[in-house]
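Participant: Supplied in structure tokens, the structure appears directly below.
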Ligand code: CP
Ligand code: NVA
């Protein structure tokens, strides 16, 4: 059974299939989700992921059902495990955004059908697949990417590192604070294609295909990291060290003047709107792969 809790749940063929379906379905929607019911659970806020799944499911002729865990009998005495087992009696698959990745793992043991991680504290696989689609579309290739990541070592970076492992000869240069590195390194030590820096290095910026960042404080974070990460803010001065072809990417939502300035996110190198648009294209690819 197919699941997408992390990029490590799929292999390179799966990824290529997802990208292929994503492309095919931009030309012609099919009805691969006809008579399929998809449950959506969002324990945290979402604009892009929620809407792109809802619209994608509609376009492929499926039904989506918004589920609020608070409305279920789990709030009384029914167990979490039983709740997910029962849901699989009715639903064909589940899209689940959760505060705690462990909940996703437990849910996937009891929900007998596929589950897609719509973002957890650990990872954001749908974003990474979509961002790879955007890079492929923009640079017309699927290898040799030089990515610069500024700021926090978070869920979006983890899935990006996983997805970049499937491309040949790509690397990610992460610019972050040493304390963030110390507290996050365990999760990242398996990645051979990721380098870490605690000071900005202009020659690395100059080689970048894409400068990426994300909020310095994710939805799950309790510590405020804005101060210690402020020197990694992507501003015009920093972007002036990149080359003519470098693009700026951000999964959004962005906190202006925290991790990125208005001038950069709205500037000529920014492809954030394209990135957001591509979430829908990538979701259709993921949904079709899941059902095929
Ligand atoms: N990038 C992303 O996942 O956005 P949302 O939180 O709005 O879904
Ligand atoms: N890292 C951010 C991503 C939001 C799409 C968060 O988890 O809040």
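Participant: Identify, please: which residue in segment 108-132 is outside any loop (DSSP other than H, G, I, E, B) and touching a strand residue (DSSP E or B) at 6+ places or on another chain (Cβ under 8 Å) and is, among those, nearest to ligand 1 (Cβ to nearest atom)? Give the derivation first.
Facilitator: As a first pass, look at segment 108-132 and keep what is outside any loop (DSSP other than H, G, I, E, B): 108-110, 115-117, 125-132.
Narrowing further to those that are touching a strand residue (DSSP E or B) at 6+ places or on another chain (Cβ under 8 Å): 108, 115-117, 125-126, 131.
Numbers: 108: 20, 115: 17, 116: 13, 117: 11, 125: 11, 126: 7, 131: 10 Å.
Ranking the candidates gives 126 first.
Participant: Here is a follow-up. Any residue in segment 266-284 that is away from ligand 2 (no atom under 16 Å from the Cβ) and over 30 Å from residue 22 (Cβ atoms)?
Facilitator: Let us first name the residues in segment 266-284 that are away from ligand 2 (no atom under 16 Å from the Cβ), namely 266-271, 274, 281, 284.
Cutting the leftovers down to over 30 Å from residue 22 (Cβ atoms) gives us none.
No, segment 266-284 has no match at all.
Participant: Considering only residues of segment 93-107 that are in a strand (DSSP E or B) and more than 14 Å from ligand 1 (Cβ to nearest atom), which is nearest to the chain's Cα centre (by Cα)? Spell out how you get there, then give the answer.
Facilitator: To start, the set of residues in segment 93-107 that are in a strand (DSSP E or B) comprises 93-97.
Now restrict to residues that are more than 14 Å from ligand 1 (Cβ to nearest atom): 93-94.
Working: 93: 19, 94: 17 Å.
Restricting to residues being in a strand (DSSP E or B) and more than 14 Å from ligand 1 (Cβ to nearest atom), the top hit is 94.
Participant: Among what's in segment 276-292 and is surrounded by 22 or more Cβ atoms within 10 Å (Cβ to Cβ) and within 13 Å of ligand 1 (Cβ to nearest atom), pick the residue that is farthest from residue 245 (Cα to Cα).
Facilitator: Ranking the qualifying residues of segment 276-292, first place goes to 283.
Condition check ((1) under 17 Å from residue 204 (Cβ atoms); (2) surrounded by 13 or more Cβ atoms within 10 Å (Cβ to Cβ); (3) under 17 Å from the mean Cα position of the chain (by Cα); (4) in contact (Cβ under 8 Å) with a residue 12 or more places away in the chain) across all residues:
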{"residue": "228", "(1), (2), (3), (4)": "no, yes, no, yes"}
{"residue": "232", "(1), (2), (3), (4)": "yes, yes, no, yes"}
{"residue": "245", "(1), (2), (3), (4)": "yes, no, no, yes"}
{"residue": "254", "(1), (2), (3), (4)": "no, yes, yes, yes"}
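Participant: May I ask you to say which residue of 45, 37 is under 24 Å from residue 104 (Cβ atoms), within 13 Å of ligand 1 (Cβ to nearest atom) and either at pLDDT 95 or above or touching a strand residue (DSSP E or B) at 6+ places or on another chain (Cβ under 8 Å) (or both)?
Facilitator: Working: 37 fails: within 13 Å of ligand 1 (Cβ to nearest atom).
Sole residue among the options that is under 24 Å from residue 104 (Cβ atoms), within 13 Å of ligand 1 (Cβ to nearest atom) and either at pLDDT 95 or above or touching a strand residue (DSSP E or B) at 6+ places or on another chain (Cβ under 8 Å) (or both): 45.
Participant: Which one is surrounded by the most Cβ atoms within 10 Å (Cβ to Cβ), of the residues in segment 207-226 that are part of a loop (DSSP other than H, G, I, E, B) and away from ligand 2 (no atom under 16 Å from the Cβ)? Show your work before the answer.
Facilitator: First, the residues of segment 207-226 that are part of a loop (DSSP other than H, G, I, E, B): 207-209, 214-225.
Adding the requirement that they be away from ligand 2 (no atom under 16 Å from the Cβ) leaves 207-209.
Values: 207: 14, 208: 22, 209: 20.
Once the filter is applied, the top-ranked residue is 208.
Participant: In addition: Can you tell which of 204, 172 is touching a residue at least 12 places away in the same chain (Cβ under 8 Å) and either assigned to a helix (DSSP H, G or I) or farther than 20 Å from residue 251 by Cα (or both)? Step through it out loud before you land on a result.
Facilitator: Numbers: 172 fails: either assigned to a helix (DSSP H, G or I) or farther than 20 Å from residue 251 by Cα (or both).
Step by step, each of 204, 172 is checked, and only 204 is touching a residue at least 12 places away in the same chain (Cβ under 8 Å) and either assigned to a helix (DSSP H, G or I) or farther than 20 Å from residue 251 by Cα (or both).
Participant: Counting only residues that are part of a strand (DSSP E or B) and closer than 17 Å to residue 291 by Cα, which one in segment 28-82 is nearest to ligand 2 (Cβ to nearest atom)? Give the derivation first.
Facilitator: Going residue by residue through segment 28-82, those that are part of a strand (DSSP E or B) are 37-42, 63-67.
Among the residues that remain, those that are also closer than 17 Å to residue 291 by Cα are: 37-40, 63-64.
Numbers: 37: 26, 38: 20, 39: 20, 40: 16, 63: 25, 64: 20 Å.
Top of the filtered list is 40.
Participant: Also, I was wondering about something else. Among the residues of segment 262-275 satisfying the criterion of being touching a residue at least 12 places away in the same chain (Cβ under 8 Å) and farther than 20 Å from residue 201 by Cβ, which is farthest from ligand 1 (Cβ to nearest atom)? It would help to see each step written out before you state the result.
Facilitator: Step one: of segment 262-275, the residues touching a residue at least 12 places away in the same chain (Cβ under 8 Å) are 263-265, 267, 269-272, 274-275.
Then drop every residue that is not farther than 20 Å from residue 201 by Cβ, which leaves 263, 265, 267, 270-272, 274-275.
Values: 263: 21, 265: 14, 267: 20, 270: 15, 271: 14, 272: 10, 274: 13, 275: 8 Å.
Only one residue fits best here, namely 263.
Participant: Let me ask something additional. When you go through 59, 54, 75 one by one, which is the residue that is surrounded by fewer than 14 Cβ atoms within 10 Å (Cβ to Cβ) and either closer than 28 Å to residue 222 by Cα or out of contact with any helix residue (DSSP H, G or I) (no Cβ under 6 Å at 6 or more places or on another chain) (or both)?
Facilitator: On the way: 59 fails: surrounded by fewer than 14 Cβ atoms within 10 Å (Cβ to Cβ); 54 fails: surrounded by fewer than 14 Cβ atoms within 10 Å (Cβ to Cβ).
Checking each option against the conditions leaves just 75.
Participant: I'd like to know if segment 133-154 contains one or more residues that are part of a loop (DSSP other than H, G, I, E, B), over 24 Å from residue 205 (Cβ atoms) and in contact with a helix residue (DSSP H, G or I) (Cβ under 9 Å, 6 or more places away or on another chain).
Facilitator: The first filter runs over segment 133-154 and keeps only residues part of a loop (DSSP other than H, G, I, E, B), leaving 140-145, 151-154.
Pick out the ones that are also over 24 Å from residue 205 (Cβ atoms) and you get none.
Checked segment 133-154: no residue is part of a loop (DSSP other than H, G, I, E, B), over 24 Å from residue 205 (Cβ atoms) and in contact with a helix residue (DSSP H, G or I) (Cβ under 9 Å, 6 or more places away or on another chain).
Participant: Looking at segment 147-180, which of its residues are over 21 Å from residue 6 (Cβ atoms), more than 16 Å from ligand 1 (Cβ to nearest atom) and touching a strand residue (DSSP E or B) at 6+ places or on another chain (Cβ under 6 Å)?
Facilitator: Residues satisfying the conditions are 148, 150, 173, 175.
The values are calculated or read from the model by the stated rules, or taken from the named source; none is laboratory data. All figures in this text were calculated on a predicted structure; none of them were measured in a lab. Cβ atoms come from the backbone with ideal geometry, glycine included; neighbour counts cover every protein chain shown.
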